[in-house]
Amino acid sequence: MSADPVAGDPDGIQRIARRHEDRSDAVRDGARHVLVAAEHAASGWAGRAQQQFLVAAAAMPASAHRVAARLDAASAALATYARQVREIQDDAASLQTTRRNTADDIAANDRAIRDATAVASGPDAVESDRALLQQLQHSGEWLAGLDARLSAQWDELVARRAAADRAAAAALEDRSVLGKLVSAAVVSAMSDGQFLTWLATLDPESIAALGGDSRVVKRLAGIDAAQVAGWWQAMSGVDGAPSAAQRAFVAAMPAVIGNLNGVASWARARANTTVLADRLAHARRQVRHWRELHDAARNPADAAAAREQLLVWERQRDAYRNIQDTLATTPVSLVALVDDRPPLAQIVAGDLDRAMHVSVIVPGMNTATYQDGTVQDYSAIARGMRREEARVAGIRRSDIAVVSWIGYHPPMADDPSFRTVLADDRARAGAERLVADLDGFHAARAAAGRDADLTVMGHSYGTTVATIALTKTHADHVVLLGSAGVTDAVPNASALHVPEGQVFATQGAKDGWAVTGQNLSGRRDPTESTWDAHEFSSETEGRGSDTLHGVTRHGPYDGDDDDGRYSYFDDGTTAQHNAARAAMGHGDEIPERGGPFDRMRQQTKDDWLMYGWQTGGTGDPTL
């Protein structure tokens, strides 16, 4: 906007006003069509999808009315502004003509005065010459006064235009148009608490408008989980039911909400479903792009550069596809999806918002979402552990949730990071992520007023991650399976923020890789008596149909046990059974055995030369 009285295009402003009016009519028509569709849906089909549609349709009229009213308000403000600009421009055009004519008159009068002065000053001057000069001088004074009055009138037009500009700006920034949205400067001056309070006052339409504001999105993503949890819970409906505002945040900012600690898991899962589809499509486009560049490369350097990017994006595509396939084929949800290289994910079996017992499984080395079978296996691991926990505790499965936390980058066997299994850097980085997620879980549950019994289960290198994390956050139980070793930062079980007697550890006698990781890294074996965990056996127990199978390999999951090979999280193993008992508060019933000496006796019994144990030949390189 400009204070220049003749600036602007009132016809163009009026066209914008009419477009807003047309859009308002379209919104109201759309709402009517939705209501008609809802009437047909009420009798046309049944099921959960129908109910969700009817709920959304029921909210449509009020939402549409708010949007249409804002469009109407904007249209009215623009129409008023267009009329005022046109009136000011008309007055300015008339005044400009008068000022030009006055300026011409002043110039002509000045010339006449100069001529009359010369005549009146001459030797032949008469009285009439002096009278004419005086008359011209009086005319000059009158014209100067007129010019001053015209200048004042122009200043008044400038003031009128400035006032019209301010009024239009105020009208377009009014809540009748913008709702409760405020300027970026106001937002940046808010504290985190004020920022969240402001967000909580917004209606769904205003929230939708914020989705494209990167500053707001970035600000929300960086807020402490405890504050986020309080904000999210305050927007909830009765007994934590999803509200219209919460659904609007999920739709407007899915990439943030999907990973925002403190937000309810139902919302994160819904957001991540949307984000997953978008990222898979993007990865597929990138694969096509880099393959085309690779095929069109004119020299080895360009081909190598394109090939490097192609491999990156093929892994991204495979990861997102694995996650999507898992969600499509198994009853699990996705409560975190980090767009990293490769992507990180958290797969949940059960209702993480309401379950009374929650277990978080931390994987070990050689775990990545792009690998064939990994995400699917960890879905099976979570579901199998949930079934076993419900069985050993004699409670409903709905009271239990199990998270497969593929939330960090462990050492990988297929790249140079393999050697980092002997170091602790990746474990410390993973522990930081795990602490943040566990604290977020605690914050969300505290805000909702729903306590939960939390167990952390680590496998292999995941035990290194879990034990470091539990020196900084807390859990009710921890189970360490086939540990690659515990760092010096955790000298014994009492260093963990876990109740006394609730730290459990096991290692299979035929697991050659766990002891290899411990010995080469110099980390502690948590089944040693001096570390003071409750060690338990992972060997075969029972007979016939009551047999619990012993661990025969180091990997987390074998699934198909036709070949007699069993891993720690396989169904029907002693390791899974005892881990479930520990998680459900029955750990004191687990016999304390399976320490280093017990394993050595078992090893010599099974293989008196201990060839497999010494070489790790009975296991696989999955630390």
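Collect the residues in the range 396-425 that are of a type outside the set (D, E, K, R), within 30 Å of Ser333 (Cα to Cα), modelled with pLDDT of 80 or more and surrounded by fewer than 18 Cβ atoms within 10 Å (Cβ to Cβ), keeping them in residue-number order.
Answer for the range 396-425, where residues must be of a type outside the set (D, E, K, R), within 30 Å of Ser333 (Cα to Cα), modelled with pLDDT of 80 or more and surrounded by fewer than 18 Cβ atoms within 10 Å (Cβ to Cβ): Ser398, Ala413.
Can you name the helices (runs of 4 or more DSSP H) wholly within the range 218-294 that have at least 1 residues being within 22 Å of Gly449 (Cβ to Cβ) and among the charged types (D, E, K, R)?
Output list reads 244-252.
Sort through Ala431, Ala466, Ala436 and tell me the only one that's farther than 23 Å from Thr506 by Cα, in contact with a helix residue (DSSP H, G or I) (Cβ under 8 Å, 6 or more places away or on another chain) and either surrounded by 16 or more Cβ atoms within 10 Å (Cβ to Cβ) or modelled with pLDDT of 95 or more (or both).
Ala436 is the lone residue from the list that is farther than 23 Å from Thr506 by Cα, in contact with a helix residue (DSSP H, G or I) (Cβ under 8 Å, 6 or more places away or on another chain) and either surrounded by 16 or more Cβ atoms within 10 Å (Cβ to Cβ) or modelled with pLDDT of 95 or more (or both).
Restricted to the range 501-519, and to residues that are part of a strand (DSSP E or B) and not polar (S, T, N, Q), which residue is farthest from Ser460 (Cα to Cα)?
Val503
Among the candidates Ser214, Ser139, which residue alone is surrounded by fewer than 17 Cβ atoms within 10 Å (Cβ to Cβ), modelled with pLDDT under 95 and under 20 Å from the mean Cα position of the chain (by Cα)?
The conditions single out Ser214.
Which members of the range 196-206 meet the condition of being small (Gly, Ala, Ser) and either assigned by TED's automatic domain parsing to the domain that holds Ala77 or surrounded by fewer than 17 Cβ atoms within 10 Å (Cβ to Cβ) (or both)?
Residue satisfying the conditions is Ala200 alone.
Modelled with pLDDT of 85 or more, acidic (Asp, Glu), closer than 27 Å to Asp165 by Cα and in the same structural domain as Ala69 (by TED's automatic domain parsing): does that describe Asp22?
Spelling it out, Asp22 is indeed modelled with pLDDT of 85 or more, acidic (Asp, Glu), closer than 27 Å to Asp165 by Cα and in the same structural domain as Ala69 (by TED's automatic domain parsing).
Would you check which residues across the range 439-454 are in contact with an Asp or Glu (Cβ under 8 Å, 6 or more places away or on another chain) and surrounded by fewer than 16 Cβ atoms within 10 Å (Cβ to Cβ) and list them?
Selection gives Arg450 alone.
Would you confirm whether or not the range 426-440 contains a residue that is closer than 20 Å to Gly555 by Cα, without any contact (Cβ under 8 Å) to a residue 40 or more places away in the chain and assigned to a helix (DSSP H, G or I)?
Checked the range 426-440: at least one residue is closer than 20 Å to Gly555 by Cα, without any contact (Cβ under 8 Å) to a residue 40 or more places away in the chain and assigned to a helix (DSSP H, G or I).
Give the residue, chosen from Asp558, Asp562, that is modelled with pLDDT under 90, part of a loop (DSSP other than H, G, I, E, B) and more than 17 Å from Ala582 (Cα to Cα).
Asp562
So in the range 142-187, with the set limited to residues that are within 60 Å of the chain's Cα centre (by Cα) and of a type in the set (Lys, Arg), which one is surrounded by the most Cβ atoms within 10 Å (Cβ to Cβ)?
The selected residue is Arg161.
Out of curiosity, is Val515 surrounded by 21 or more Cβ atoms within 10 Å (Cβ to Cβ) and at pLDDT below 95?
yes
Is it fair to say Gly262 is under 14 Å from Gly440 (Cβ atoms), touching a residue at least 60 places away in the same chain (Cβ under 8 Å) and outside the structural domain of Leu199 (by TED's automatic domain parsing)?
yes
If you take the residues in the range 323-356 that are part of a helix (DSSP H, G or I), out of contact with any Ser or Thr (no Cβ under 6 Å at 6 or more places or on another chain) and not aliphatic (A, V, I, L, M), which one is surrounded by the most Cβ atoms within 10 Å (Cβ to Cβ)?
Step by step, filter the range 323-356, then rank; the result is Gln324.
Taking the range 453-491 only, how many residues are within 19 Å of Gln576 (Cα to Cα), small (Gly, Ala, Ser) and over 27 Å from the mean Cα position of the chain (by Cα)?
Number satisfying all stated conditions: 4.
Among the residues of the range 156-195, count how many are under 24 Å from Ser214 (Cα atoms), in the same structural domain as Tyr81 (by TED's automatic domain parsing) and of a type in the set (Asp, Glu).
So the count comes out to 2.
Any idea which of (1) modelled with pLDDT of 90 or more; (2) surrounded by 13 or more Cβ atoms within 10 Å (Cβ to Cβ); (3) more than 30 Å from Gln96 (Cβ to Cβ); (4) among the hydrophobic types (A, V, I, L, M, F, W, C) is the one Ala209 doesn't satisfy?
Answer for Ala209: the failing condition is (1).
With respect to the numbered conditions (1) at pLDDT below 75; (2) of a type outside the set (A, V, I, L, M, F, W, C); (3) not in a helix (DSSP H, G or I), which one is the sole condition not fulfilled by Pro5?
(1)
Could you say whether any residue in the range 523-536 is assigned to a helix (DSSP H, G or I), among the aromatic types (Phe, Trp, Tyr) and crowded, with 16+ Cβ neighbours inside 10 Å?
yes
The values are calculated or read from the model by the stated rules, or taken from the named source; none is laboratory data. Fair warning: this is a prediction, and the values are worked out from it, not measured in the lab. All Cβ positions, glycine included, derive from the backbone under ideal geometry; neighbour counts span all protein chains shown.
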